[in-house]
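One structure is given here, and the rest of the page talks about it.
All of the numbers you see were taken from the coordinates with simple rules; none came from a lab. Here the structure is a predicted model, which means the values were calculated and not measured. Note that each Cβ is placed from the backbone with ideal geometry, even for glycine, and that neighbours are counted across all protein chains shown.
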Amino acid sequence: MATIQSSCLCGDVAWEVVGPFDLLTHCHCSRCRKSHGAAFASYVMCGADAFRLLRGRERIVRYESTPGLDRPFCSRCGSKVPSDRVWNERVSIPAGMLEGDPQTEPLAHIFAGSKAPWHEVTDSLPQFEAFPPGVDAEVFPDLEARDPSADDGARGSCLCGGVRYVLCGPAVRCHNCHCLRCRRAKSAMYASNLFTFANGLRFTRGKDLVTSYKLPDAEFFAQDFCRICGSPMPRFDERGFGIVSMGSLDDDPGVKPTRHIFVGSKASWFTITDDLPQFAERPTQL
Ligand SMILES: [Zn+2]
Ligand SMILES: [Zn+2]
Ligand SMILES: [Zn+2]
């Protein structure tokens, strides 16, 4: 089995893993959705001795989202990076950002009972309400929306709750992006991004916790994230859009992604099973 490399969005943290891989699952729990800003988080497991951090240990910040579960991320760009915490002699690796095919079939959707209302599961994999049978771990209740006073739109927040916002404007576009930048930024199979106008987004708390990383060679691509927990947070771009990583939403925005873009760069180990239109790159119209 070949060695597969991977890195965060900025490239400061890099790692390599050697297969075989197994236990590829898509987790829909509220903490994974917030941590990744995505519809779900996909993790695959490999032997603990098959994982090697190549660089960037000093960049890694850990946020403990529930007792004993830390979610390490790159403090420069916000990408989630693998935890070296060992479970049954194995470690868990974000599967969407790998730079090679782990050659293992996805096993199941876990925490399907916590699924985002704007996301539909359309494949035929088994779905488990929480952990799959045989995993004896505590199940924590889903996170609740945190700002009861904000009532002019769908609320959103980061995993630690330090940053909160309201989506008060219309969604002008909503799509799933499979480009490698998005897969690295969200450490997920793809990003689900909602676009509104710049005045359609309002931070209600913790804007000072938001750190921005702009990719040097990109025209618009950036990632804004909470520096405490690493969750992707809304950002405003030079074109006048406000962009929400949909996994951070607490409430249903009332819209769903309408297409897949950059499927030419899709992870080959992920299969799209819905019938939304697919574009190899960026469609001409935003
Ligand atoms: Zn980074
Ligand atoms: Zn999860
Ligand atoms: Zn946070």
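Some points to look at:
- Calculated FRET efficiency for the pair THR3/ASP147, C-beta based, R₀ 45 Å, to 0.05: 0.50
- Of the GluC sites (Glu not before Pro) found in the range 214-286, the ones in coil according to DSSP and having at most 10 other Cβ atoms within 10 Å of their Cβ are GLU219, GLU238.
- Spread of Cα-to-Cα distances over 5 Å intervals beginning at zero, given as percent, for the range 1-158: 2, 8, 16, 21, 20, 16, 10, 4, 2, 1, 0
- In nm, spacing of pseudo-spin labels at LEU276 and ARG52 (7 Å Cα→C-beta vector): 3.8
- For the range 123-140 versus the range 226-286, the gap between their alpha-carbon centres in whole angstrom: 26
- Per-residue HN-Hα couplings for the range 245-252 [Karplus 6.51, -1.76, 1.60; θ = phi - 60°; Hz; x = Gly/Pro]: 6, 4, x, 7, 5, 8, 9, 6
- In units of the compact-protein estimate 2.2 N^0.38 Å, the range 146-286 shows a Cα radius of gyration of 1.02.
- Taken over the C-alpha atoms, the range 175-245 has Rg and Dmax values of 11.8, 32 angstrom.
- Proximal charge balance of CYS74 [Cβ under 10 Å; K/R count +1, D/E count -1]: +3
- In straight-distance terms, cross-link reach from LYS214 covers every one of the lysines whose alpha-carbon lies under 19 Å from its own, apart from those fewer than eight places away in the same chain; here that gives LYS80, LYS186.
- According to the Kirkwood relation over distinct C-alpha pairs, the hydrodynamic radius of the chain is 18.8 Å.
- Here the convex hull built on the C-alpha positions of the range 81-148 has a volume of 173 cubic angstrom per residue.
- For the range 133-225, the Kirkwood estimate of hydrodynamic radius, built from reciprocal distances between every pair of different alpha carbons, is 15.5 Å.
- The range 189-237: chymotrypsin sites (Phe, Trp or Tyr not before Pro) in DSSP coil with no more than 12 other Cβ atoms inside 10 Å: PHE220
- Label sites at VAL18 and PHE131, each approximated as a point 7 angstrom past Cα along Cα to Cβ, lie 3.0 nm apart.
- Residue-averaged 222 nm ellipticity for the chain, from DSSP H runs of 4+ at -39500 (n - 2.57), nearest 500: -1000 deg cm²/dmol
- Net +/- balance of residues flanking PRO106 in space, Cβ distance below 12 Å, scoring K and R +1, D and E -1: -3
- The range 104-184: proportion of alpha-carbon pairs further apart than 15 angstrom, %: 74
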